[in-house]
Amino acid sequence: MGHHIAVYGASGLTGRFIQAELEKRGFTPLPFGRAQATADDPAALDRALTGADAVVNAAGPFAVTALPLIAAAERAGIPYVDVAAEIEANADTFARGAAVPVVPAMAFFGGLADLLVTAAMADWPDASEAHVAYGLSGWQPTPGTLTAGAVSRDRRGGRRVRFRDGRLEHHDTAPPTSTWDFPSGPREVVGEFSMADIVTVPSHLAIPSVTSYMSVTAAQALAAATPRSEPETFEVDVRVRRGSEERRLSVAGRDIYAVSAPLAVEAVDRLLTGRFHVTGVASAGAMFDAEDFLSTLSDVLPLST
């Protein structure tokens, strides 16, 4: 293809996966990190993007890096993609807007569920509620994940956040627990375990209530900051309801960090080949043809209904 893709945070776990996926698909990665360009140094960011056709931001916390790197992408006139799972950072990106194509949360958390919900909606102009359940066998967070989570908690004063009645709400109530019937069988889940989906999905779909759920085993492992060893397996099960009707789509796979790489790189590919809908900030489901996008990645994210 001959395209050069800048990768910020290239030395991190997800950054390394992204570089490998870029090379696999014929792109030339241009890796850089904070040693070459800190987020508060516009001139250094500009130098790092010299010769790049697009930039992927894998350097959290994205509350610090996203907006400066989007500004640098605008100055360079190139598309921007990030893998941010931080709810507040994604909300900041949508609020900012952009003069180039920008896809935030193009990763396991945020982008994947947004594609699934969009594909499940199909011809529905609206829905009453969307539910996104994450059936992870465990969760071994990277240092970047833990740091980003701490930044998000600080920004909302330790409160929890959910999307109800068409808006983000902060609250202090304890999370509910229940049993979710995943395609592989029932799992205990923590309700209102809000992820980036509560920003990406309602950014373009008329759904006033979006709720995320996390398997109890994964929530406990995250809280314990279990060291990374064997990658987790996962199911992501989406249910969209409109009145008495329900539509459902699910995917399954292995390693939530590794699978973010094909999601982000497929987005870059589509942005550079004109297969996108919006010049500006848009979530995966608004920027791309959701059904076709998921179909293209069926080898790593097999779909079931």
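Put a dot 7 Å past the Cα of D46, heading toward its Cβ, do the same for W124, and the two dots end up 4.8 nm apart. Considering only P79, P183, P262, the mean-square fluctuation computed in a Gaussian network model of the chain, springs between alpha carbons under 10 angstrom, is largest for P183. Fully extending the segment from Q220 to S11 would add 72.5 nm, taking 0.36 nm per residue of separation and subtracting the current Cα-Cα distance.
How large, in percent, is the carbon and sulfur part of the accessible surface of the chain at a probe radius of 1.4 Å? Carbon with sulfur: 52 percent of the solvent-accessible area. Note on the chain: Kirkwood radius taken over Cα pairs, Stokes-Einstein applied at 4 °C and 1.567 mPa s, translational D equal to 68 µm² s⁻¹. In plain terms, the chain from T279 to S298 could stretch by 4.2 nm, reckoned as 0.36 nm per residue minus the Cα-Cα distance.
Classification of the range 182-297 by its C-alpha gyration tensor yields an oblate form. The axis ratio a/c (a ≥ b ≥ c) is 1.5 or more, and b/c is at least a/b.
Need one number: % antiparallel among DSSP beta bridges in the chain, to the nearest 5. About 65 percent, rounded to the nearest 5. Hydrophobic, long helices, defined as DSSP H runs whose alpha-carbon span along the helix axis is 20 Å or greater and whose mean Kyte-Doolittle value is at least 1.0, occur in the chain at 62-76. Checking the a/c ratio against 1.5 first, then a/b against b/c, what shape does the Cα gyration tensor give for the range 232-290? Here the range 232-290 falls in the oblate category.
Measuring between their Cα centroids, the range 113-179 and the range 27-49 lie 31 Å from each other.
Once the 1.4 Å probe is applied to the protein heavy atoms, the chain comes out at 39 Å² accessible per residue. The distance separating the Cα centre of the range 244-305 from that of the range 65-97 comes to 19 Å.
The values are calculated or read from the model by the stated rules, or taken from the named source; none is laboratory data. Every value quoted in this text rests on a predicted model; they were computed, and no experiment measured them. With ideal geometry, Cβ positions are generated from the backbone for all residues, glycine too; neighbour counts draw on all protein chains shown. The protein model used for the area step is the full one, side chains on, heavy atoms only, and it has no ligands, DNA or RNA in it. Shrake-Rupley method; radii C 1.70, N 1.55, O 1.52, S 1.80 Å.
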